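The values are calculated or read from the model by the stated rules, or taken from the named source; none is laboratory data. If you're wondering where the values come from, they're calculated on a predicted model, not measured in any experiment. Heads up, the Cβs are rebuilt from the backbone with ideal geometry, glycines too, and the neighbour counts pull from every protein chain shown. Just the protein is used for accessible areas: all its heavy atoms, side chains included, with ligands, DNA and RNA removed. Shrake-Rupley method; radii C 1.70, N 1.55, O 1.52, S 1.80 Å.
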Amino acid sequence: MSTAVNTKKLTIVQAITDALKEMLEEDESVLVLGEDVGKNGGVFRATDGLYDLFGDDRVIDTPLAESGLIGSSIGLAMNGFRPVVEIQFLGFIYPGFNQLITHATRIRTRTQSRYTVPLTIRAPYGSGVRAPEIHSDSTEALFTHIPGLKVVIPSNPYDAKGLLISSIKDPDPVLFLEPMRIYRAGKEDVPSESYSIPLGKASRKRTGDDVSIFAWGAMVRVAEKAAEEASENGIECDVIDLRTLYPLDKEVIAESVQRTGRAIIVHEAPSTGGVSNDVMEIINDTSFLYMRAPIKKVTGYDTPVPLFTLEDDYAPDSKKIYRAIEEVTRF
Amino acid sequence: MDMNEKFPIVQLLSGDGRRTGAVCEHVTIERAKLFYEHMVFSRLFDQKAVNLQRQGRIGTYAPFEGQEASQIGSALAMEDGDWMFPTYRDHAATAAFGHSLKNIFLYWKGCIEGCVPPEGKHIFPPSVPIASQILHATGTAWAEQKKGSDRVSLVYFGDGATSEGDFHEGLNFASVFNIPVVFFNQNNGYAISVPLERQMKTKTIAQKSLAYDIPGVRVDGNDVFAVYDETMKAINRARNGNGPTLIEAVTWRYGAHTTTDEPSKYRDQAESKRRRESDDPITRLERFLEIEGAWDSSWAEQVNEEAEQKLNEAVIEMEKTVKSDEALMFDHVFGTDVWPVQEQKHRFFYEGSEKG
């Protein structure tokens, strides 16, 4: 980062607040809606202070009804506004799923772009904070399967701000998932002004020529930790933070595996039907003859996310990833 | 309290076409003729569509015959700039509000172009997921409120829709934020085969407004004047900042839910026959004009002929489109280039195997 840029030290959740503030200032059509997003500043304080700055007309506490919230925001979006909806936890979005899959994502196609839905839905997701039942879901693959929807997941404060700004400016619906386990994991320098990071572009976190590891959200740091251990044993990993799960960054995935010939995909979601399978499809289509070992997946299990005494057993950790690194290099 | 008494059915013309005695400035010969033209046209449209389906020229179709007064009376109370959200059974309303006939037919022919309203007209494509459109009407009207305009939304839905969560969430949001939206229910007695008494224990649908502290009104859905007048009142309340209204128009569909269904399996169709004789919305208007001394059979003949001609022209236009342009499948999924869609489109068109 250039020294000429003014920066501030922010956590992921603070960077999200900062992005919302920038967008509310920059564009009068931006609205923030959700349960407890007003005076309370959101259950994770992601909208902290925005109600005082922008008022009840633009930072709106709504009734407790996810379908109502998403459905009425579709109407706002079709008629000139850019709503940013907060769903308190990804596991609470399901009552609004119908509005997302039958309307928000189809209105552009159905009306041949006469009406469009520039709607951003933000939701914390994933396990790792000892939360009650249903609060720890990582069901991103339910959403990447919906035509017409982009799915974005940041893993650090800088990306969180830039990707959220791009999501709000995007002309179509975006589901922006926030890894709550690392919401406050540490502060990083984040530019004070507005900036955007293009959707659909991955980010290389570490360079290596032996194994490619693909991850997103809270799993990026876990993958980096495993890569550090591998490096101590002479195995160098290319760690890629995919950042956008739809559309995936095909070029970066292909370039990386064509160099390493080995791939591991990490996610905390269940294995079957996971986004990992789409990464495998890209590798298959672009790089089949470059591969020196079968692709490995390190994922959660095909079980409901367990209550929290077992959540550390459920999600991938650096040991499980390290084992996969050993397996693909020994093959 | 007896809800039938609290929410009496508002009627301006009785079934035999006589004025009920209620005073209403809207009951005029001129307006009766205008309504008549639209309702005759709508019925012929509906019959044409059923015939086209039988001949395999369009796909499955959802007929509305019997519900013309509910749809025409409400649609003609709306103005340009207002937003209309129909179900799949509301083509009398969308046509009266200015939708392209060719496009209405194209929709049922399986062509996405049919979903697009004429420039400047806010008519949403028919909503298939029951009650879900109630929230879009609420949201677009909320946007009008935020812009400080006096435009409103009107949304159609059936009796079955009132069992859905989106109905209650929409009424609640509109009530809490005082949103300028008219919730127009057509209670035709059946949700496909399930009768009203299995749908709800309440005696009326209008009474559900009490839970949201908004005005609720029950109107004879086969009395076009009453529908028009009550819709006008609700729209004016919304325009003037007085929030949403729930209207229950009590009506009857003579025929099937769609062309794939046989109503005699779940109800006595003698009831449809009886209602057609005693309570038909078009016959009622003819009787009114006769009683008022304004019936002119050569005018009525002309209305029928002109409607037939307009419909035939629309069918000719519709049939010029054999199928949608394949590119339309890919070109409006996103407003930006998204590679999986672009790549799949390319594969479809240029790599031979997928397009013959």
Only residues that are crowded, with 24+ Cβ neighbours inside 10 Å and more than 9 Å from chain B (Cβ to nearest Cβ): list them for the range A:67-92, please. A:Val84, A:Val85, A:Glu86, A:Leu90
Single condition B:Cys111 does not satisfy, out of (1) closer than 26 Å to B:Ser272 by Cβ; (2) of a type outside the set (Gly, Ala, Ser); (3) open to solvent by less than 30 Å² (accessible area, probe 1.4 Å); (4) within 14 Å of chain A (Cβ to nearest Cβ): (1)
What number of residues in the range B:5-40 are outside any loop (DSSP other than H, G, I, E, B) and not aromatic (Phe, Trp, Tyr)? 16
Of the candidates B:Phe97, B:Phe7, B:Phe64, B:Phe35, the one satisfying the condition of being within 28 Å of B:Asp325 (Cα to Cα) and open to solvent by less than 20 Å² (accessible area, probe 1.4 Å) is B:Phe97
Scan the range B:326-343 and report the pairs whose first residue is facing chain A (nearest Cβ under 7 Å) and whose second residue is modelled with pLDDT of 95 or more and open to solvent by 50 Å² or more (accessible area, probe 1.4 Å), with Cβ atoms within less than 8 Å and a gap of 6+ or a chain change. B:Val333/A:Pro147
List every residue pair whose Cβ atoms sit under 6 Å apart, with the two residues 6 or more apart in sequence or on different chains, where the first one lies in the range B:76-87 and is of a type in the set (D, E, K, R) and the second, anywhere, is open to solvent by 20 Å² or more (accessible area, probe 1.4 Å) and part of a loop (DSSP other than H, G, I, E, B). B:Asp82/B:Arg151
Checked A:Ser203, A:Ser194, A:Ser212 against criteria (of a type in the set (Gly, Ala, Ser), modelled with pLDDT of 95 or more and farther than 30 Å from A:Arg292 by Cβ); the one match is A:Ser194
Do you know which residues across the range A:283-301 are open to solvent by 10 Å² or more (accessible area, probe 1.4 Å) and part of a helix (DSSP H, G or I)? A:Asn284, A:Asp285, A:Thr286, A:Phe288, A:Leu289, A:Tyr290
Would you confirm whether or not the range A:39-46 contains a residue that is under 27 Å from B:Cys115 (Cβ atoms), away from every other protein chain (no Cβ under 14 Å) and not in a helix (DSSP H, G or I)? no
Of the residues in the range B:50-87, those that are in contact with a helix residue (DSSP H, G or I) (Cβ under 6 Å, 6 or more places away or on another chain), in a loop (DSSP other than H, G, I, E, B) and within 14 Å of chain A (Cβ to nearest Cβ) come to B:Pro86
Residue match in the range B:160-179 (condition: part of a loop (DSSP other than H, G, I, E, B), at the interface with another protein chain (Cβ under 7 Å from one of its Cβ atoms) and surrounded by fewer than 24 Cβ atoms within 10 Å (Cβ to Cβ)): no
When residues of the range A:62-95 are limited to those that are touching a Ser or Thr at 6+ places or on another chain (Cβ under 9 Å) and of a type in the set (Phe, Trp, Tyr), the one nearest to A:Arg108 (Cα to Cα): A:Phe81
Exactly one of A:Pro95, A:Pro124, A:Pro118, A:Pro63 is open to solvent by less than 20 Å² (accessible area, probe 1.4 Å) and within 14 Å of chain B (Cβ to nearest Cβ), and that one is A:Pro118
Output the residues belonging to the range B:316-355 that are open to solvent by less than 40 Å² (accessible area, probe 1.4 Å), touching a Leu at 6+ places or on another chain (Cβ under 9 Å) and more than 18 Å from A:Ser113 (Cα to Cα). B:Met318, B:Thr321, B:Pro340
